[in-house]
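FYI, it's all coordinate maths here, none of it is from the lab. This is a predicted model, so every value here is computed, not measured. As a convention, Cβ positions derive from the backbone with ideal geometry for all residues, glycine included, and neighbour counts pool all protein chains shown.
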Amino acid sequence: MRQISYREALHEVLDYELQINPDVFLLGEDIGPLGGAFGVTTGLWQKYGNERVRNTPLSEIAIVGAATGAASVGMRPVAEIMFCDFLFVAGDQLINQTAKMRYMFGDQCQLPLVIRTVIGAGQSAAAQHSQSLEGLLAHIPGFKSVIPSTPYDAKGLLKTAIEDNNPVLFYEHKSLYNMKGEVPEEMYSIPFGVADVKRKGKDVTVIATAEMVHKSLRVADRLQKEGIDVEIIDPRTLVPLDMDTIINSVKKTHKAVVVHEAHLSYGPGAEIVARLADEAFDYLDAPLKRVGAKDVPIPMAPHLESFVIPQEEDIYKAIKSVVD
Amino acid sequence: MMNKDFAGEMLTTMIKIRLFEEKAVELFAAKELPGWLHSYIGEEAVATGVCLALNPGDYISSTHRGHGHCIAKGVSLKAMMAELYGKKTGYCHGRGGSMHIADFSKGMIGANGIVGGGIPVATGAALGSKMKKMGKVSVCFFGDGASNQGAFHEALNLAAVWNLPAVYVCENNLFAETTPQSEHQHINDIAQRAVAYGMFGDIADGMNVLSVYEKAKLAADRARNGEGPTLLECKTYRYRGHWEGDPQPYRTKKEIEEWKKKDPIRAFQQYVIENRLLTESEIEKATHDIQAEIDEAVVYGRKSPLADVQEAVCSLFV
């Protein structure tokens, strides 16, 4: 099968949706002639014009509000927030408007909108351009949260996101944009709430998201040589969360480690281990472990940044601590 | 432009808002209604003048002080009152209450508990209308307090630069909650801010329904004709506190009484009688009918069933 990048996979879906659905449009900062800060919308402004691919002012409140209002009257906007760090410039719109409109108004409207945004460190972009904030809005009822780790998943999940009639937050990891992988040419959808087993194993379950999936896979190869067989599960969506797949794995391995780039405290891992403690306690033979970013802002200097962000060694140690 | 039917619609709309609000205040004081209440009494000419200048399909969005906008847009008093009672038959099935009434079937796309929070959303509705070529105007109501929010700035700037069919109606009632305008912004005319966005700014006498109607019609026509958004400031005054229970240490009774002399309903009644558009007995009958409709809405609200608690947790997503 052909190999394309995570960026190209996302681009293909946006291009396809703009082509087939006149209600779909894009809006965001620098998504026009430039093609977005990370190049995902490259060429789309030139192809579809500035009505369908809308370069916006630097106004996250207006971007989220405009997307929400347009969705409430029948459009299907796909907004880009350049970095997830900027999401909370539009905090009220997200938390008090977008998330609540349908429920609060007694189910009178649908809000088919997608907010694509960028997470992750690794580029020395420092404290305000490197966070992984996917857990924050997972706490607010009213959003679905998607966090793809591969080009294949990125394509199928973005297709589903645009087809969904609810607000969807779509988190793209900036270090994955150039990653290549097998992606079918035809369109396909990956349902939300269906985790993917990225590696089968029998000794320990690792639940990982975004770039941490790939770090965990490398650690698993290393542990294989030591006779430890790691199963790696990528939930792919945090809301809804596929606990069945995770629990089924834990029934087999009796041990679990959650790995994410989000900060450790109150992060998505806390939710997953809490649910495991609640729903799978009888199957566990070891303490539940979490690996996340240290609880400080992400520093700029490369050696400081990599110290704060989970590295393969951190994942290795966490896994070893539950299997030994 | 002014004929008997239209004058009647204007007057009865204002009376309906006033009587509905008086009833709501009474029921709230009697602890019959749960939640909080922000009365629109005194500002009736703004909602009425603006909404009567619109087409039925046009969008409006509203504020925490939103009952007047809903009524002027023609929503059902029964479903509104039932919502105030928190009943299943209310517009939001009891999930929204006074601050969150919406009736999408009437273009009323939602009241808002966040000051200024609805402005970007209304801007999005204008964008949707433009992109789908619906020919609808999106009107956003908000107050002087909201004009200091970042959301106001971002939304108006976007609407101007995208030439959206939006009308931003600032109900300047001179108080941001409990803070007088002179203490919360260094201008008197909020409409001046339109200049900063390169959009048309206008001022109406918010105690005069004809002034509001005339300016709103111009703004809506401009929006519909592709001439862009307008910031329309309506100078008005609320007779009651920011919320029911507000001790109002920030103003005097004398100030309130002075404003009541400009009462929009009394002024327009005089106008229609002097211009022989309606007779006193016609007004009396109309008022009587409105009171009956409100009383009927109260009975409906009281008697309606509560939503099942399971409904509170079953419809987050489509």
How many angstrom lie between the C-alpha centres of segment A:236-265 and segment B:61-124?
41 Å
Could you give me the ³J(HN,Hα) list for segment B:286-296, computed from phi with Karplus coefficients 6.51, -1.76, 1.60 and θ = phi - 60°, whole Hz, x at Gly and Pro?
4, 4, 4, 5, 5, 4, 5, 5, 5, 4, 5
Karplus 3J(HN,Hα) series, Hz, for segment A:289-304 with 6.51 cos²θ - 1.76 cosθ + 1.60 (x for Gly, Pro):
10, 10, 10, x, 5, 5, 7, 9, x, 6, x, 7, 3, x, 6, 6
If you build a Gaussian network model of chain A, linking Cα atoms that sit under 10 Å apart, which residue out of A:Gly43, A:Gly28, A:Gly106 swings the most?
A:Gly106
Please report how far the C-alpha centroid of segment B:1-53 lies from that of segment B:281-295, rounded to the nearest whole angstrom.
13 Å
Counting DSSP beta bridges in segment A:196-323, what percent are antiparallel, to the nearest 5?
20 percent
Quick one: 3J(HN,Hα) in Hz for segment B:261-273, Karplus 6.51/-1.76/1.60 with θ = phi - 60°, rounded, Gly and Pro as x.
5, 9, 3, x, 6, 4, 4, 6, 4, 4, 4, 6, 6
Along the Cα→Cβ direction, 7 angstrom out, place labels at A:Ala301 and B:Arg276. What is the inter-label distance in nm?
9.1 nm
Can you give me the long-range amide H partners of B:Met108? Hydrogens built in the peptide plane at 1.01 Å from N, cutoff under 5 Å, separation of 5 or more residues or another chain.
B:Ile60, B:Asp103
Could you work out how far the C-alpha centroid of segment A:126-185 sits from that of segment A:27-71, in angstrom?
17 Å
Would you mind ranking A:Thr42, B:Thr63 by Cβ crowding within 10 Å, fewest neighbours first?
A:Thr42, B:Thr63
Given +1 on the Cβ of Lys and Arg, -1 on the Cβ of Asp and Glu, and no further charges, what dipole in debye does segment A:196-323 carry about its Cα centre, rounded to the nearest 20?
320 debye
Ranked by Cβ crowding within 10 angstrom, fewest neighbours first, how are B:Trp162, A:Trp45, B:Trp243 ordered?
B:Trp243, A:Trp45, B:Trp162
Give the long-range amide H neighbours of A:Val259: residues separated by 5 or more places, or on another chain, with amide H under 5 Å away, using H modelled in the peptide plane at 1.01 Å from N.
A:Ile207, A:Ala208, A:Thr209, A:Val291
Under-5 Å amide H pairs with A:Val53, H placed in peptide plane, nonlocal only:
A:Leu26
Taking every DSSP bridge whose two residues both lie in chain A, the antiparallel percent to the nearest 5 is 20 percent
Of the candidates A:Pro310, A:Pro57, A:Pro151, which one comes out as most mobile in a Gaussian network treatment of chain A with C-alpha springs shorter than 10 Å?
A:Pro57
Grab the beta carbon distance between A:Asp221 and B:Lys31, set R0 = 51 Å, and tell me the FRET efficiency rounded to 0.05.
0.15
A 25 angstrom limit on the alpha carbon distance is what I want to check against. Which of B:Lys4/B:Lys253; B:Lys16/B:Lys235; A:Lys198/A:Lys255; A:Lys100/B:Lys106; B:Lys106/B:Lys260 exceed it?
B:Lys4/B:Lys253; B:Lys106/B:Lys260
For segment B:94-192, just say rounded, prolate or oblate: build the C-alpha gyration tensor, square-root its eigenvalues into a ≥ b ≥ c, call rounded for a/c under 1.5, and beyond that prolate if a/b exceeds b/c, oblate if not.
oblate
If the chain between B:Asn55 and B:Glu244 were fully stretched, how many nm would it gain, using 0.36 nm times the residue separation less the Cα-Cα distance?
64.8 nm
Neighbour-count ranking for B:Thr123, B:Thr89 (other C-beta within 10 angstrom, fewest to most) reads B:Thr89, B:Thr123
Zone of B:Arg251's modelled label, taken as backbone nitrogen in segment B:147-177 under 14 Å from a point 7 Å along Cα→Cβ:
B:171-177
Mean-square fluctuation check for chain A, GNM, Cα pairs under 10 Å: which of A:Gly49, A:Gly156, A:Gly69 is largest?
A:Gly49
Apply the a/c threshold of 1.5 to the C-alpha gyration tensor of chain B and tell me whether it is rounded, prolate or oblate.
rounded
Computed from the beta carbon distance with a Förster radius of 35 Å, FRET efficiency for B:Phe104 and A:Glu163 to the nearest 0.05 stands at 0.95
